[in-house]
Amino acid sequence: MKSASMFISAVLILALSGAMPALAKNDKGDKGKGPAVKSEKTIDDAIDRIEREVIDEVLDGVFGENDRTIIETWYRQHPAPVSSLPPGIAKRLARGKPLPPGIAKRGLPDGLAAQLAPLGSRYERVIVGDDVTIIETATAVVVDILRDVLRRH
């Protein structure tokens with residue numbers, strides 16, 4: 001979770017550093033307090049909006065600690081048949097890479113899916129071999145993986 005916080009911080013700093021010069025520009029000058037106060041409010045609103053968008057985008061596609069616990073507990077209480085991936089294909093299953101072509105995947109059981117935090121519309125959770133993954137729906141790129149979660153129990 002520490003690395004996720006560091007990643008979010010880095011993304012926010014980059015996003016805000018690019019947005020600040022444009023947001024700080026005040027064509028009407030600094031005469032009086034009216035425009036400056038309005039400008040500060042506009043900057044604060046823009047920063048808040050950008051921060052919410054970045055955090056939502058980053059967190060939409062990752063397993064939170066609560067979801068990890070729920071998934072691990074579910075499979076401890078409801079063991080499922082496991083078919084591990086062949087070693088060569090298992091090595092190709094990685095964050096940031098598309099699912100290998102022709103790989104078998106299935107959705108999570110309804111009872112489990114209902115307990116998890118909702119994902120953004122761009123993502124879905126699927127079981128691949130003995131792993132639970134989050135993939136980007138349009139591209140099948142793996143966003144996050146819980147390795148061997150079905151095999152552990």
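Summed over segment 84-102, residues that are in a loop (DSSP other than H, G, I, E, B) and either in contact (Cβ under 8 Å) with a residue 60 or more places away in the chain or more than 18 Å from V149 (Cβ to Cβ) (or both) total 7.
The set of residues in segment 64-83 that are assigned to a helix (DSSP H, G or I) and either in contact (Cβ under 8 Å) with a residue 24 or more places away in the chain or of a type in the set (V, I, T) (or both) comprises E65, N66, D67, R68, T69, I70, I71, E72, T73, W74, Y75, R76.
The set of residues in segment 120-137 that are part of a loop (DSSP other than H, G, I, E, B) and out of contact with any Lys or Arg (no Cβ under 7 Å at 6 or more places or on another chain) comprises G120, S121, R122, G129. Filtering G107, G111, G64 for residues that are of a type in the set (G, A, S) and either in contact with a Pro (Cβ under 6 Å, 6 or more places away or on another chain) or surrounded by fewer than 11 Cβ atoms within 10 Å (Cβ to Cβ) (or both) leaves a single hit, G111.
Any read-out appearing in this document is the output of simple, stated calculations on the displayed coordinates, not a laboratory observation. Model, not experiment: these values are computed from the prediction. Virtual Cβ from ideal backbone geometry, glycine too; neighbours counted across all protein chains shown.
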